[in-house]
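Take a look at the structure below.
The values are calculated or read from the model by the stated rules, or taken from the named source; none is laboratory data. On a predicted model such as this, the values are computed, not experimentally measured, just so you know. Neighbour counts run over all protein chains shown; Cβ positions are idealised from the backbone, glycine included. Ligands, DNA and RNA are excluded from the accessible area calculation, which covers all protein heavy atoms including side chains. Shrake-Rupley method; radii C 1.70, N 1.55, O 1.52, S 1.80 Å.
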Amino acid sequence: MLILSHTPHQEALHCQERLQEELQGMRPLIDMVAEEELKIEHAQEIKNRCVLSYAGPKIFIIAAHHFNIFAQNALLKILEEPPANTRFIVIAKHKHALLPTMLSRLICQDKRTQITKEPFKLNLATCTLQDIYAYLKELEGRSLSIEQGAQLIQSLLYALQEAKIPLEASMLDHFQQAMQANLLYMRPSHNLLPLLLMVLQARDNPCF
C-alpha cells in the first residue's frame with residue numbers, strides 16, 4: 001500500500017499506533033523506517049529484516065520525503081513477492097517521489113488534506129499572563145491528537161506574525177523544537193507554555 005501524506009513521518013507514527021491497536025490480539029511485528037531520504041542501505045536493511053522468521057504478521061512502514069532510485073529498485077522484488085505473512089506500507093508526499101515501476105506494485109490511498117490556518121484563541125497583541133494561564137488550563141482538559149497539537153503550534157506562529165511581534169531566528173528554533181516535542185507526545189499545554197512566555201517577552205520587551 002502507498003499512503004500519500006503532507007507529513008510522512010507523522011503519518012508513519014499514526015499508522016504504527018493504529019495497527020498496534022487493531023492487531024493487538026495477533027501480536028504483530030510492526031517495523032518502521034522513517035528517513036528524510038530512503039537510501040540503498042536502508043532498502044538493504046529492510047530486505048534483511050523482512051525475511052527473518054516471526055510467528056505473527058509482519059508489517060513494514062517505510063516513510064520518507066525522498067526515495068533514492070537505487071533504493072526503490074532494490075525493493076521492487078519484495079514488494080511484488082513479499083515473504084509470507086508480510087505487508088509493506090510506503091508513505092510519501094506525492095506519487096512523483098516514486099518510480100512508475102514502484103507505483104505499479106502499490107495500491108494508493110491519498111490522505112492529504114487542504115491545510116488551513118486555524119485562528120489562535122489568544123489575542124497576542126493584548127493577552128496577559130492570566131489569559132495564558134486560563135487558556136492552558138482549558139487546553140489541559142482536552143485530549144488532542146498529534147495533528148491537532150501541530151495545528152496549535154502553527155496557529156500560534158501565524159498569530160505571532162499577524163500581531164507584528166518581532167520574530168528572531170532563535171524564536172523559530174523554539175517553534176521547531178516544539179514541533180519535535182509534539183511528535184514525542186508532549187502535552188500541548190506544556191509545549192505551548194514556553195512559546196507563549198517567549199512571545200510575551202518579545203512583545204513587551206522588543207529590545208531584550
* **Accessible surface of Val33 - all protein chains present, 1.4 Å probe, nearest 10 Å²** => 20
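His96 to Glu138: FRET efficiency via 1/(1 + (r/R0)^6), r the Cβ-Cβ distance, R0 35 Å, to the nearest 0.05? The partial results should precede the final answer.
Numbers: r = 42 Å, r/R0 = 1.21.
For R0 = 35 Å, the calculated efficiency reads 0.25.
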* Structure fact -> Under a 1.4 Å probe, counting only protein heavy atoms, Cys108 has an accessible area in Å², nearest 10, of 60
* Model label zone, Leu197; criterion: amide N under 16 Å from point 7 Å along Cα-to-beta-carbon; scope segment 130-167 -> 130-137
* Consider a paramagnetic label point 7 Å from the Cα of Met26 along Cα→Cβ; state which residues of segment 65-83 have an amide N under 17 Å from it. => 82-83
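Where does the chain land at 222 nm, in deg cm²/dmol rounded to the nearest 500, when only DSSP H runs of n ≥ 4 count, each adding -39500 (n - 2.57), divided by all residues? Don't jump to the answer; show the numbers that get you there.
Numbers: 8 runs with 103 residues, N = 208.
Helices in the chain give a 222 nm mean residue ellipticity of -15500 deg cm²/dmol.
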* Acute angle (nearest 10 degrees) that the helix 69-80 long axis makes with the longest principal axis of the chain, alpha-carbon atoms -> 60
* Roughly how many whole Å is it from the C-alpha centroid of segment 138-177 to that of segment 1-74? -> 30
* To do: Please list the non-local residues whose amide H lies under 5 Å from the amide H of Ala34, H modeled 1.01 Å from N, same-chain partners needing a gap of 5 or more.
  => Ala63
* Sorting Met198, Met26, Met32, Met171 by accessible area (1.4 Å probe), largest first, what list results? -> Met26, Met32, Met198, Met171
* To do: State the label only: which of [x] 16.6; [y] 19.5; [z] 17.3 corresponds to Kirkwood radius over Cα pairs in Å computed from the shown model?
  => [y]
* Structure fact -> With all protein chains present and a 1.4 Å probe, the order of Ser53, Ser155, Ser145 from largest accessible area down is Ser53, Ser145, Ser155
* With everything on Cα atoms, drop me the angle between helix 146-162 and the longest principal axis of the chain, reported from 0 to 90° to the nearest 10. => 40
* To do: Return one number: the angle in degrees, 0 to 90 and rounded to the nearest 10, between the long axis of the Cα atoms of helix 8-22 and the longest principal axis of the Cα atoms of the chain.
  => 70
